[in-house]
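The values are calculated or read from the model by the stated rules, or taken from the named source; none is laboratory data. Quantities reported herein were computed from a predicted structural model and do not represent experimental measurements. When we count neighbours, we look across all protein chains shown, and the Cβ atoms used for this are built from the backbone with ideal geometry, even at glycine. These area figures cover heavy atoms from the full protein model, side chains too; ligands, DNA and RNA do not enter into them. Shrake-Rupley method; radii C 1.70, N 1.55, O 1.52, S 1.80 Å.
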Amino acid sequence: MNRVTKHIISPLFILFYLLISQNTIAQKAIVFDLQTDRPISNVLVSNISHSKTALTNIFGNFNMSLFKKSDTLIFQHSSFFKKIITYKEIKKNHFKIGLNERFINLQEVMISANKWKTVKNEIANYIVTIPKKSIVLNMPPTTADMLSDNNQIFVQKSQLGGGSPIIRGFAANRILLIVDGVRLNNAIYRSGNLQNILQVDVNSIQNTEIIFGPGTNIYGSDALGGVIDVQMIKPVLNITPKWKTSGHTYIRAGTAAKERTFHTDINIANNRLGFLSSFSITHFDDLKMGTKGYPELEQLQYVTRIKGKDTIVKNTNPNIQKFSGYTQRNFLQKIRYNFDDKSQLNAGFYFSNTSPVSRYDRLIQISKGKLKYAQWDYSPQSWMMANISLKKFKITRIWDKSLFNMSYQLIKEGRNDRKYQSNWLRKRLEKVNVLSFTADFNKKLNHNKWLFYGILINFNNIFSSGIKQNIITGELKSTSSRYPDGGSQAFQSGAYISIKKIFENIPLTFIGGIRLSQASLKSNFIDTSYYHLPFTKIKLNNNAITGSVGINYHPGTYNIRANFSSGFRAPNLDDVAKVFDSEPGNVVVPNKNLKPEYIYNIGIGIQKNFKKWAEFEINIFYSYLNNAMVRRNFNLNGQDSIYYDGTLSRVQAVVNTGWATIYGFSADIDIQPVPYFGLKGHLTFTKGSDDSGNSLRHIPPVFGATDFYFEKDKLRLLINIEFNGEVPYNQLAPSERNKAYLYVLNKSGLPYSPSWVTYNFKGTYALSNKFLLSFAIENITDYRYRPYSSGISAPGRNFAAGLRYRF
C-alpha cells in the first residue's frame with residue numbers, strides 16, 4: 001500500500017470507526033411520565049440478570065449501549081410502576097420508555113418550605129403539594145380553580161373573575177401568597193374576600209405548595225392561616241453547549257361559560273444560558289349555573305340601557321348569570337444563566353391583566369325592591385412584576401448556600417360603580433408600587449445540624465384617587481378616594497433564624513426558630529370634607545417577635561408531626577384607612593388606633609403508610625387569635641350613622657376585639673388495592689368564634705371529596721365526588737346574615753347556605769409522545785348551588801376538552 005493510499009484510507013477508516021462508535025457508545029434513551037410527558041430522573045435500569053445497570057439523569061436519559069440487543073430491561077422507580085420491556089421494543093419506540101405513576105408516592109418528597117429543598121419527613125408543618133400532573137388532569141381555567149380542585153382548600157367567589165382561598169378559617173390578607181419566592185401581599189390586600197390569586201397564570205404553574213398554619217419563621221406578617229407558594233415554570237438548560245428549542249402549546253374549551261383558552265411556552269437553552277417565554281389568553285362568556293335545585297338562585301332580571309336609559313328587563317334564561325364574563329391575558333419571560341456549577345442567576349418578568357370584571361354579587365343586590373346597581377366592575381385590573389435572583393452554592397464560614405432576591409411590582413386596581421338610573425359613574429383607582437429584597441442563607445453546622453437565617457425588606461407606595469363621570473355629558477367631578485388621597489407608604493422588615501437537627505439514635509428531627517418583624521404605615525388625607533374625619537394623618541409602627549418549635553418523628557411506616565408556633569399580622573392600609581360600603585346599610589371608616597393581631601397555634605399530624613397499597617393521614621389544629629381585627633359598629637365624630645353615596649349608613653370600622661378561637665381537623669386516605677386502580681378521600685372540618693360567641697366570617701362548612709382513579713399506559717381516568725356541608729343561619733357570621741340576597745332562605749325566612757354534592761368525570765389520554773388529550777364532564781347532574789359566602793353560583797354541567805402539544 002503506497003503512501004497516498006494510506007493517507008486516503010486511514011482517515012476514512014477512522015471516520016467510519018467514529019461513526020460506528022458514536023452510534024454504539026452514545027445511543028441515549030429517555031424515560032418519561034406517560035401522562036405528563038416529563039422526563040423521570042433516578043430510574044434504575046437493569047437487565048434480567050442485574051449484571052448491567054444504569055440510572056437516568058435529570059433529563060431522564062441513560063446510555064442504552066450498556067445493554068445487549070438481546071437483553072430484556074427492567075425499569076424501577078419508587079413512585080412508578082415497574083416496567084419490563086425488551087431492547088427490540090425500546091428501539092421500535094425510538095428509545096423512549098413511558099412509565100405510569102403510582103397513586104401512593106413512596107418517594108421521599110422534596111418540598112421548599114424553608115426556601116431550600118427539604119425532605120418532607122424533616123418538616124413539622126402540614127404541607128400539601130399540587131403537582132403539574134394534577135393541573136393537567138383537572139384542567140382548571142384559573143389558579144383559584146386549581147386550588148379548589150385540590151379539595152383541601154375552600155375557595156369563595158364573588159364573581160366569575162375571582163377566587164378567594166380560605167385556609168383554616170383565614171382568608172384574604174391573613175394568607176400569604178408567594179410567587180417564585182416573592183410575596184404578593186401588599187398594603188391594599190383587603191380583609192374581606194380577595195381575588196388577586198387570579199393574577200397568576202395557571203397554565204404556567206409548575207408546582208404549588210400549601211403550608212397550613214403560621215408555623216414557619218421565614219415568613220413575616222400575614223401568614224396566619226398559611227402560605228400558598230406558587231412556583232412557575234422556568235428555563236430548562238441543555239446538557240451540552242448546543243442550543244436546543246422545546247416548548248408546549250395548549251388549547252382548552254368549556255361549555256358552562258363558553259371558555260376558550262390558548263397557551264404556549266417556548267424554551268431556548270444551551271448548557272449555561274436559557275430563555276423561557278410563556279403567553280396565555282382565556283375568554284369567558286357569561287356563566288351558566290345548574291338547572292336543578294334552589295330556584296332562588298336564578299337571575300330573574302338585570303339592568304340594561306335602552307334608548308339611553310337604564311331599564312330592568314327579564315332574563316330570558318335565568319340560569320345565565322349576566323355580565324359575568326371576562327377576558328384574561330398573561331405573559332411570562334424568564335432568563336437563567338449558570339456562571340458555573342455553584343452560581344445561578346435568574347431574572348423574570350410577569351404581566352397579567354383582564355378586561356372589566358363585573359362584580360356579580362353587586363349586580364344582583366336589591367335596594368328598595370329594585371336592583372341597586374346598573375354597573376359595578378373592576379377595571380383596570382393589572383399586575384406587573386420584575387425580579388432578579390442570585391443563588392450561590394459555596395461553602396464559607398457563615399453559609400453554604402445563599403439566595404438573594406430583588407423584585408419590583410406595579411399593581412393597578414380600579415373600581416367603577418353606577419347606581420340604577422344614575423348618570424354618574426364613580427371611578428376609583430389604586431396604584432401600588434412595591435419594592436422588595438430578601439436574602440436567605442443555609443449553613444450545615446455538622447453532619448446532623450443545619451442553620452437557616454435571612455432578612456426581608458419590603459416597601460409599598462400607594463396612590464389612590466376618585467372621580468365621577470357623567471355618562472351622558474362626559475362631565476367630570478371629584479369624589480372620595482378609597483384610601484387616603486394624600487398618598488400612603490408602608491414599610492416592612494424582618495429577620496429570622498432557624499435550626500434543624502436530625503437525631504442519630506432515633507428517627508427524630510427537631511426544627512425551631514424565631515423571627516423579629518417590624519411594620520410601619522404612614523397615610524395623609526388632603527380632602528376630609530366628604531366624611532369630616534377628625535384627623536388628617538395616620539401613623540403606625542409595630543414590632544413583633546414570633547417563633548415556632550416542631551418535631552417530626554418517623555419510625556418505620558409512621559410519620560408523627562407536632563408544631564407549636566406564633567404569628568402576627570400588622571394592620572395594613574386597607575384595615576386602617578379604607579372608606580367603603582361593606583354591605584347594604586353599612587359603611588366602613590378609618591380607625592387610626594388599630595393594633596396588630598397575634599396568633600398562637602398548635603398542630604399535630606399523624607401519617608401511616610401501609611407498605612405500597614394504602615396511606616392514611618390526620619391533622620388537627622387549634623389557634624388562639626388575640627386582638628383579632630374584626631369589623632364592628634363604630635362612631636365617627638360622635639355619630640353612629642353618616643350619609644355615604646346618598647344613603648344613610650351605619651358606621652363601622654375594623655377594630656381589635658378581645659380574642660377568637662379556631663380549631664379543626666383534616667383527614668386524608670389513599671388506597672391502591674390492585675395495580676392501576678386507586679381511591680383518595682379528603683375531609684376538612686373547621687370551627688371558630690370570637691369572644692362574643694359569634695361565628696367568624698371565613699369559617700367554611702365541612703367539605704371534602706372522594707376520588708376514584710384508574711391509570712394504565714396512556715390512559716388516566718378520574719371519578720370525583722365533591723361535597724360541602726350546610727351552614728345554618730345560627731352559624732353564619734353577623735356580616736353574612738346581612739347578605740340575605742346571596743343565600744337561600746330556610747322555612748323561617750332566614751338565610752343559610754345549604755349542603756351540596758357534585759359528581760365529576762375527568763381523564764387524559766396520550767395520543768402520542770407529543771399530543772395529550774384531556775376531557776371532563778363536571779357537575780354531571782347539573783345541580784344549581786352557590787358555595788358558602790360566594791356571590792355567584794357555581795357552573796352547571798360543563799363539558800371541557802383540552803389538547804397539549806409538546807415540541
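Can you tell me the orientation of helix 3-25 relative to the chain, as the angle in degrees between its alpha-carbon axis and the longest Cα principal axis, to the nearest 10? The angle comes out near 50 degrees. Under a model in which nothing but the beta-carbon of Lys, Arg (+1) and Asp, Glu (-1) is charged, the chain shows a dipole of about 1900 debye around its Cα centre. Between ILE514 and SER689, the C-beta separation translates, for a Förster distance of 35 Å, into a calculated FRET efficiency of about 0.70. Using a probe radius of 1.4 angstrom, the carbon and sulfur fraction of the accessible surface of segment 745-807 is 64%.
Atom-type composition of the exposed protein surface of segment 601-706 places 60 percent of the accessible area on carbon and sulfur (1.4 angstrom probe). Checking every one of the trypsin sites (Lys or Arg not before Pro) in segment 40-104 against DSSP loop status and a limit of 12 other Cβ atoms within 10 Å picks out LYS68, LYS69. First obtain the Kirkwood hydrodynamic radius of segment 364-500 from its Cα pairs, then insert it into the Stokes-Einstein equation at 37 °C and 0.692 mPa s, and state the resulting D in µm² per second as a whole number. In µm²/s, the coefficient rounds to 173. Rolling a 1.4 angstrom probe over the protein heavy atoms with all chains in place gives segment 598-708 an accessible area of 46 Å² per residue.
Report summary: the helix-based calculation at 222 nm, which adds -39500 (n - 2.57) for every DSSP H run with n ≥ 4 and divides by the residues of the chain, gives -2000 deg cm²/dmol.
For segment 389-411, the residues whose backbone nitrogen is under 20 Å from a point 7 Å from the Cα of ILE58, taken along Cα to Cβ, are 389-395, 400-405. Compared with the direct C-alpha span, the chain from SER367 to ASN121 gains 83.0 nm at full extension, assuming 0.36 nm per residue.
Look at the dipole of segment 185-254 built from charges on Cβ: of PRO214, TRP243, VAL202, the Cα furthest out on the positive end belongs to TRP243.
Relative contact order of segment 713-756: 46 percent, from C-alpha pairs under 8 Å at least 6 residues apart in sequence. If you work out P(r) over Cα pairs in 10 Å bins from 0, in percent from the coordinates, which of [x] 2, 12, 22, 25, 20, 10, 5, 2, 1, 0, 0, 0; [y] 2, 10, 16, 16, 13, 11, 10, 8, 6, 4, 2, 0, 0; [z] 2, 12, 20, 19, 15, 11, 9, 7, 4, 1, 0 do you get? From the options [x] 2, 12, 22, 25, 20, 10, 5, 2, 1, 0, 0, 0; [y] 2, 10, 16, 16, 13, 11, 10, 8, 6, 4, 2, 0, 0; [z] 2, 12, 20, 19, 15, 11, 9, 7, 4, 1, 0, the structure gives [x]. Only protein atoms count toward the accessible area here, which uses a 1.4 Å probe; on segment 289-442, the carbon and sulfur part of that area reaches 57 percent. The stretch between LEU745 and LYS69, if pulled fully straight at 0.36 nm per residue, gains 236.1 nm over its current Cα-Cα span.
Round to a whole angstrom and tell me the spacing of the C-alpha centers of segment 292-356 and segment 735-751. Between the Cα centres of segment 292-356 and segment 735-751 lies a distance of 28 Å.
Per-residue 3J(HN,Hα) values for segment 607-622, derived from phi via the Karplus relation 6.51 cos²θ - 1.76 cosθ + 1.60 with θ = phi - 60°, read 10, 10, 10, 9, 6, 10, 10, 7, 8, 10, 8, 9, 10, 10, 8, 9 Hz in sequence order (x marks Gly and Pro). Between the residues GLY293, ILE188, LEU177, the greatest Cα displacement towards the positive end of the dipole of segment 170-304, with unit charges on the Cβ of Lys, Arg, Asp and Glu, is found for LEU177.
Considered as an equivalent ellipsoid built on the Cα gyration tensor, segment 675-807 has semi-axes of 38, 16, 13 Å, the largest given first. Restriction of the trypsin sites (Lys or Arg not before Pro) in segment 286-374 to DSSP coil positions whose beta-carbon has at most 10 other beta-carbons within 10 angstrom yields LYS307, LYS368.
Once the Cβ-Cβ distance of THR240 and ARG260 is raised to the sixth power relative to R0 = 30 Å, the FRET efficiency obtained is 0.15.
Accessible area per residue for segment 727-801 is 40 Å², calculated with a 1.4 Å probe on protein heavy atoms, without ligands, DNA or RNA. Here the label points at VAL313 and GLN301, each 7 Å from Cα along the C-beta direction, are separated by 1.5 nm in the simple model. Between ASP340 and PHE771, the modelled label-to-label distance comes to 4.8 nm, taking each label 7 Å out from Cα in the direction of the beta carbon. Placing unit charges on each Cβ (+1 for Lys and Arg, -1 for Asp and Glu) gives segment 308-398 a dipole about its Cα centre, and among THR396, THR311, PRO380 the Cα reaching farthest toward its positive end belongs to THR396. With a simple spin-label model that places each label point 7 Å from the Cα along the Cα-to-Cβ direction, the separation between THR249 and LYS444 comes to 4.6 nm. Averaged per residue, segment 197-347 has 42 square angstrom of accessible surface, using a 1.4 angstrom probe with ligands and nucleic acids left out.
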